[in-house]
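Here is the structure we will look at, set down as structure tokens.
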Amino acid sequence: MKIIVCVKQVPDAKDVRLDPKTNTLAREGVQSIMNPFDRYALEEGVRLKELYGGTVTVVTMGPPQAAEVLRDAVSCGADDAVLVSDRAFAGADTWATTYTLSQAIRKLGSFDLVICGKQAIDGDTAQVGPGLAQRLDIPYTAFARKVLGCADGIIRLERMMDDGYDEVEMNMPALLTVVKDINEPRVPSLKGKMKAKKLQVVVMSAADIDADPECLGLKGSTTQVVRVFSPEFKAEREMLVGTVDQQVEQLFSKLEPLL
Amino acid sequence: MSDEKKVTILNYFLTEEQQMIVDVARQITEEKIIPQRAELDENEEFPTGILKEMAQADLFGLYIPEEYGGFGGGCFDMVLALEQFAKGCVGIATSFAASALGAYPILISGSDELKQYYMPLIASGEKLAAFGLTEANAGSDASGIQTTAVLVGDEWVLNGTKQWITNAGDASIYSIIAITDRAKGARGASMFVVEDTDPGFSYGVKEKKLGIRASSTRELIFKDCRIPASRLIGRQGTGFFTVMKTLDLSRPGIASLGVGLGQAALDEAVTYAKQRVQFGKPIISFQAVQHILADMAIQLEASRALVYASARHIDNGGNDVSKPSSMCKVMATDMAMKVTTDAVQILGGYGYMREYPVEKMMRDAKILQIYEGTNQIQRNVIGQALNKEYSR
Ligand SMILES: Cc1cc2nc3c(=O)[nH]c(=O)nc-3n(C[C@H](O)[C@H](O)[C@H](O)COP(=O)(O)OP(=O)(O)OC[C@H]3O[C@@H](n4cnc5c(N)ncnc54)[C@H](O)[C@@H]3O)c2cc1C
Ligand SMILES: Cc1cc2nc3c(=O)[nH]c(=O)nc-3n(C[C@H](O)[C@H](O)[C@H](O)COP(=O)(O)OP(=O)(O)OC[C@H]3O[C@@H](n4cnc5c(N)ncnc54)[C@H](O)[C@@H]3O)c2cc1C
């Protein structure tokens, strides 16, 4: 089985702040990590490989330093890594991102499965997985919480819902986005770390993926972030005082009329 | 938990590869061991899932040559990994270490055929190993063993009982020693590989222990247990030789359990002493408390330095390895007992309660002074080595 896992480098959520003056993310001194959901996507890919044989290729679109998340992925079991990187990709929205990723994935040849995280913790749209499936013209299931099995070109899985789960079957090639319930990601292995150290990351530029320049980056983006801001904290607040019991009683009497 | 970004530790000039081992083992400790240790201890539960994580990270093959599916490391690499695990839980670290103890006899004296078959299974963590020396009447005095092995046709027939064997019942591969010719004295014992499924082989009940309660300890019972002749490790009569070589190689690992445990206890003690306010001040501001902490730190770092130096001496093919191996075991494990006891003292009544990790650390420390040769026996070894050196 040939499995492609899409991973994104994101700022560590613990460190994220908005610069109050420019309203942009203050990225200096902020540690970059693999998007937490993508760890689960990778683990699922590696488990499926261990079960059914094949390879796991990790793909990321990002600046040169995004190669770090690819090394991280290889130390945790991925076989190959592809960095899709070009100045022309800068400022991409999800529309342009899915275009770019789909062009890159097509270049990698045939595949059976693409696995994405449910969402990225910075952009947070959860659109890239589904959008990418549309671009690749393959079926997808979002919020996969369990893979039940793959056989005869069909993957069966459970999709998490608010009130339980659905059982879903798709013809492969297919795409899924995963939630954290799906597995428990492993820590890197020694052999994986050795391999990651020596890894030659394959870099694909706009030309390498036969991209239409009009569809890339800011130019190819149909949406634009007009303003990013921290919501002002306007809510009235009131401190409850007294013993714990008294505070609970006060809280209860305030909430009761609202129920 | 120690935050090594903040804590200044000495530079031991680790290679990039060695630092990698530390990082991987530390990540397992922080993410997998620490969150589960209290529960496993409380329930006396074997850490199957965590050992699987260690296997997946290639750590079971750390000391096994690459040709047998291992990582090709040595004693020092094991020391580095065990130190990290012991920061989390000595019980879990012991289960990991005991598998190596079971593998060493095969590595040291086994035929190529035995190595080809068993080492890849142990290196991958697919099968756990264990080491069976101790018996009811043979503790410090290994010459008291009564388990026998008799060659009948092309099979060895084993009879006897081993006691307090770590991983017994959970392991699949056992390196055990038995008397093959009592008349030959020290050359009358041999080592064998016994498998979980061999006929006539069974286990006693699981022991209830003071500490390292996530590890399992049981009897091995041999009743006309038949194994193929090819399971003899090395030549007949070399059993005690192999045991001594095994323990020389493994003791720095026990010492490093002391170092990891001591580090964890110091971390807890200092962190607590900064937070706990009495008489209007954090207790770390009292010099009497500071001095206890200072002594803990001094003994800890001195032990670490001796353990690392001894392990490197062994890996570099140094001679007379018994003495440094015993010296570092005594020093680091006596330190761990002292430092964990002091940590409980620093935490006062809170330290005595199970909500805080130091009571477990103190319970876990005690075994380190007992198993793989008591610290009295280690001192005997060191004393005898000195006597020999000065007679040259
Ligand atoms: C600082 C900053 C500035 C931005 N500026 C703009 C802007 O000007 N205009 C605009 O429209 N948008 C902007 N974005 C949002 C940008 O469009 C998204 O970050 C990007 O398209 C991915 O969407 P997402 O983060 O919501 O990913 P999601 O859709 O939430 O991610 C789901 C999954 O898709 C995969 N995935 C996502 N991104 C990648 C990637 N790059 N490589 C490989 N796999 C990936 C991962 O598996 C991930 O788990 C900005 C984002 C940031 C952080
Ligand atoms: C939890 C646990 C796990 C173990 N795991 C294993 C295992 O995996 N495999 C294995 O083979 N064994 C194992 N053992 C056994 C362990 O190695 C022995 O307990 C140890 O070697 C000491 O033997 P003993 O308990 O019989 O003490 P004894 O030999 O009876 O000693 C009692 C006391 O007398 C002292 N003493 C004895 N002789 C001398 C002397 N000549 N000079 C000075 N003092 C002396 C000792 O230091 C000790 O203080 C384990 C034990 C425990 C408790």
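Here's the picture: charge each Lys and Arg Cβ at +1 and each Asp and Glu Cβ at -1 in region B:241-389, and of B:Q345, B:G317, B:A305 the one pushed furthest to the positive end of that dipole is B:Q345. Note on chain B: with neighbouring protein chains present and a 1.4 Å probe, carbon and sulfur make up 53 percent of its accessible heavy-atom surface. Going from the chain on its own to the full set of protein chains, region B:7-30 has these residues losing 40 Å² or more of accessible surface (heavy atoms, 1.4 Å probe, no ligands, DNA or RNA): B:M20, B:V24, B:Q27.
Rolling a 1.4 Å probe over the protein heavy atoms gives chain A an accessible area of 56 Å² per residue. Under the combined filter of DSSP loop state and at most 14 neighbouring Cβ atoms within 10 Å, region B:172-229 retains these trypsin sites (Lys or Arg not before Pro): B:K208.
Between B:A186 and B:T341, residue separation times 0.36 nm minus the direct Cα-Cα distance comes to 51.8 nm.
Here A:K198 and A:R87 are evaluated by their C-beta separation; at R0 = 25 Å the FRET efficiency comes out at 0.35. When chains B and A come together, the accessible area they lose, probed at 1.4 Å and totalled over both chains, is close to 1400 Å².
Calculate the FRET efficiency for B:I9 and B:Q290 from the Cβ-Cβ distance with a Förster distance of 22 Å, rounded to the nearest 0.05. After rounding, the FRET efficiency stands at 0.70. Relative to the Cα centre, the charge distribution of the protein assembly as shown, modelled as +1 at Lys and Arg Cβ and -1 at Asp and Glu Cβ, gives a dipole magnitude of about 1700 debye. The listed residues B:D342, A:D19, once ranked by accessible area (1.4 Å probe) with the largest placed first, stand as A:D19, B:D342.
Rolling a 1.4 Å probe across all protein chains gives B:Y371 an accessible area of roughly 40 Å².
Per residue, region B:129-238 exposes 43 Å² of accessible surface when a 1.4 Å probe is rolled over the protein heavy atoms with every protein chain present. What you get for region A:2-226, charging only the Cβ of Lys and Arg (+1) and of Asp and Glu (-1), is a dipole of about 780 debye around the Cα centre. Computed with a 1.4 Å probe over protein heavy atoms only, the accessible area of B:I34 comes to about 40 Å².
Here the label points at A:S230 and A:E50, each 7 Å from Cα along the C-beta direction, are separated by 4.2 nm in the simple model. With each label modelled as a point 7 angstrom along the Cα→C-beta vector, the B:R379-B:F279 pair spans 3.6 nm.
Here the Gaussian network model covers chain B, with springs between Cα atoms less than 10 Å apart; of B:A273, B:A100, B:A81, B:A273 fluctuates the most. Taking the Cα centre of chain B as origin and assigning +1 to Lys and Arg Cβ atoms and -1 to Asp and Glu Cβ atoms, the resulting dipole is close to 1140 debye. Ordering B:S202, B:S175, B:L133 by the projection of their Cα atoms onto the charge dipole of chain B, which places +1 on the Cβ of Lys and Arg and -1 on the Cβ of Asp and Glu, puts B:L133 at the extreme positive end. With contacts taken as Cα pairs under 8 Å at a separation of at least 6 residues, region A:2-226 carries a relative contact order of 26 percent.
Think of chain A as having a plus end and a minus end, set by charges on the Cβ of Lys, Arg, Asp and Glu; of A:Q103, A:S230, A:G192, A:G192 sits farthest toward the positive end of this dipole. What does the charge count around A:R159 come to, taking other residues whose C-beta lies under 13 Å from its C-beta (Lys +1, Arg +1, Asp -1, Glu -1)? That works out to -3.
On the basis of the beta-carbon distance and an R0 of 22 Å, B:E30 and B:K206 show a calculated FRET efficiency of 0.15. By DSSP, the beta bridges lying fully in chain B are antiparallel in about 85 percent of cases.
The values are calculated or read from the model by the stated rules, or taken from the named source; none is laboratory data. What you see is a predicted model; the values in this text were computed from it and never measured. In this analysis, Cβ positions are derived from the backbone assuming ideal geometry, glycine residues included, and neighbour counts consider all displayed protein chains. Heavy atoms of the whole protein, side chains included, go into the accessibility calculation; ligands, DNA and RNA do not. Shrake-Rupley method; radii C 1.70, N 1.55, O 1.52, S 1.80 Å.
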